Amino acid sequence: MTVEDVTADAVEDVAVAGDEVTDTTEVPAPVEDARIERALEAILMVADEPMSVVTLATAVGAPVKRVRAAIAALVADFDGEDGGVRRGFELREVGGGWRIYVREEFDAVVSGYVLQQNPTKLSQAALETLAVIAYKQPISRGAIASIRAVNVDSVVRTLLGRGLITELFTDSETGAINYGTTDLLLSQLGINSIDDLPKISPLLSDGADGFDDVR
């Protein structure tokens, strides 16, 4: 039995014993059973991090077992099973949670579209974030934010949309996605490898936070 299962069972036990336990925590209104799949689909469409089953169950106010069944139904629906139409996106389980991704065969099409729709130059914030990722990769969003001392969620989404960075892997312990640069960035910079980036150490003041181990 996993930690998630234990947590899920605990949540359900509290729900059953609701008359005996006083809980002042405000929870979302339950979604009608027939609409749970659509509600989960709507939440997953806007999520930029993998969502655990327990988190999704809390969001729609439904039992964990019902949410697991709904997720399985969405996966089958998106994959075009039972004679349906296979979607251009898929629901994938990564890092202990669920998230919607573009199907691999459409990555190039989507990347090309995004680049055409966003021809403007990168902002200073995006350039600084891109530099952190380039020199410190693989690196998580939390680590980037720690180095820059600001929230970087929107900037990371912009860089992903431009195809300049990519998700390398998800940490099995923390569930944090680690990012790295792409071949597109190398071509934009006119270099063959990330090792060809100029040395950053001479440009930094002594003891610059987060870059003490960078050449």
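Here, each number is a calculation from the coordinates, and none is a lab measurement. These numbers were taken from a predicted model, which means no experiment stands behind them. Note: ideal-geometry Cβ built from the backbone for every residue, glycine included; neighbour counts use all protein chains shown.
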Phe89-Ala131 pseudo-label distance in nm [points 7 Å out on the Cα-to-Cβ vector]
3.4 nm
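Under a Cβ-Cβ cut-off of 11 Å, what is the net charge of the residues other than Ala39 that fall near it, where Lys and Arg count +1 and Asp and Glu count -1? Spell out each step's value before the answer.
Values: positive: Arg35, Arg38; negative: Glu32, Asp33, Glu37, Glu41.
Local net charge: -2.
Quick one: grab the alpha carbon gyration tensor of the range 105-203, order the square roots of its eigenvalues as a ≥ b ≥ c, and give me rounded if a/c is under 1.5, else prolate or oblate depending on whether a/b is larger than b/c.
On the way: a/c = 1.39, a/b = 1.12, b/c = 1.24.
Because its axes are fairly even, with a/c under 1.5, the range 105-203 counts as rounded.
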For the range 163-172, take each phi angle, set θ = phi - 60°, evaluate the Karplus expression 6.51 cos²θ - 1.76 cosθ + 1.60, and give the result in whole Hz per residue in order, putting x for glycine and proline.
x, 8, 10, 9, 7, 7, 6, 10, 4, 5
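Given 0.36 nm per residue, what is the gain on full extension from Ala149 to Asp195 after removing their alpha carbon distance, in nm?
This chain segment gains 14.0 nm when fully extended.
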Modelled label-to-label distance, Ala47 and Glu104, 7 Å Cα→beta-carbon offset: nm?
2.2 nm
How much net charge surrounds Gly80 when only the other residues with a Cβ under 14 Å from the Cβ of Gly80 are counted, with Lys and Arg +1 and Asp and Glu -1?
-3
